[in-house]
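Every number in this text was worked out from the coordinates using simple rules, so none of it is lab data. All values derive from a computational prediction rather than experimental measurement. Positions of Cβ are generated from backbone atoms using ideal geometry, with glycine treated the same way; all protein chains shown enter the neighbour counts.
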Amino acid sequence: MVDIMQRIFRKKFFRDIFNKLIGKDKKLKIGFYGHPNSGKTTLANRMTKDWIGKSLGLVSEIPHETRRVYRQERVTLNYDGVELDFDIIDTPGIATKIDYKNFLQYGLSEQEAKERAKEATKGIIEAIKWLDDVTGVLLVVDATKDPLTQANITIIGNLEARNIPFVIVANKVDLPESNPERILSVFPQHKVVGISALHGENTDELYKAMVEKFS
């Protein structure tokens, strides 16, 4: 899976450079990226509820519940007198390895587990391809886990190479084992905002960071 990710990222990088050289105009589209179960869809639902009054996607404790890209157009965020109009692009969780056996512990049959693993792999490829189109990214990181992963490093490296602005969202700060400071220490050169997408804690600070980064 790492080799697949690297090949796709390399191809998309050169295509993105070409688009910039020819002046291809892009609408403001914010991609939600991160590990499975980091809280991407929970955050997308929080934002769409806050700003347009409805949820975007389903949330589940089973990894890779989101296995295709979901898009919500025309979200308008108002913060401190500044208006930000954008589309939300909720992408499947990024992982370097998917084993169908991991899904069996959640009560799925072997056939269901294999099908989910297949769909999840396709979803990862689709998510990577969307880097051609997003103009900004919220990288959602589970603040209860080690942020120094191959997936996070690969995503950040490609965002930096493409000059795509992004904010690192340290999610799940409501949990006692969360440690958003660890994320900041690993990525000190980037904007990190600690939130609870589930409870809406500190989302105002995230909206402020989005206006500063993406407007």
Using the Karplus curve 6.51 cos²θ - 1.76 cosθ + 1.60 with θ = phi - 60°, what ³J(HN,Hα) values do you get for each residue of segment 113-124, in whole Hz, with x for Gly and Pro? 5, 5, 5, 5, 4, 5, 5, 5, 5, 4, x, 5
Once you've got the Cα coordinates, tell me which of K49/K208; K101/K145; K97/K172; K49/K114 are over 28 Å apart. K49/K114
Calculated FRET value between L148 and Q111, using beta carbons and R₀ = 45 Å, to 0.05: 0.80
By count of other Cβ within 10 Å, fewest leading, how are L198, L84 ordered? L198, L84
Please turn the phi angles of segment 169-184 into ³J(HN,Hα) values with the Karplus equation 6.51 cos²θ - 1.76 cosθ + 1.60 (θ = phi - 60°), one per residue in order, whole Hz, x for glycine and proline. 9, 7, 8, 6, 5, 6, 7, x, 8, 5, 8, x, 5, 5, 5, 5
To make sure I understand, if each residue's beta carbon is the centre and we count other beta carbons within 10 Å, what order do I183, I98 fall in, fewest to most? I98, I183
Suppose every K and R has +1 on its Cβ and every D and E has -1 on its Cβ; what is the size of the dipole of segment 105-151 about the Cα centre, in Debye to the nearest 20? 80
Amide H neighbours of H190 under 5 Å, counting only residues 5+ apart in sequence or on other chains, H built in-plane at 1.01 Å? none
Nearest-0.05 FRET efficiency for E119 and K191 at R0 = 25 Å, using Cβ-Cβ distance, is 0.15
